[in-house]
Amino acid sequence: MLSEYASYSNGKIKVQMVDPASFADPQKDLGALGIPTLQFNVMRNDSYQVVNGYMGIVIQYADKKEIIPVVSDTSNLEYQLHPT
């Protein structure tokens, strides 16, 4: 959906996906933005592993920043993104 927003915006909206591994300390750096570290149970090679992940969105415009800490359901994401 975010790609569609960018596509229809005629260059007014940019969407950038950021790999948490690109941060020196993802928990600290993303936590400072208000995006919490989430733990997920993953089954790999017939064993369960606990892995860390992030499901947040940061929206920036000039010097303003809005954060959606956790996006667990995208069915109403357009309403979460719309300013109130």
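For the chain, the solvent-accessible area with a 1.4 angstrom probe is 84 square angstrom per residue. For the chain, the carbon plus sulfur part of the accessible surface works out to 50%, probe radius 1.4 Å. If you count Lys pairs in the chain whose Cα atoms are under 17 Å apart, skipping same-chain pairs closer than 8 places in sequence, the total is 4.
Under the criterion of Cα pairs below 8 Å and six or more residues apart, the relative contact order for the chain equals 17 percent. Based on alpha carbons, the Rg and Dmax found for the chain are 15.2, 48 Å.
The values are calculated or read from the model by the stated rules, or taken from the named source; none is laboratory data. Here the structure is a predicted model, which is why all the values come from computation and not from measurement. With ligands, DNA and RNA removed, areas are computed over all heavy atoms of the protein, side chains included. Shrake-Rupley method; radii C 1.70, N 1.55, O 1.52, S 1.80 Å.
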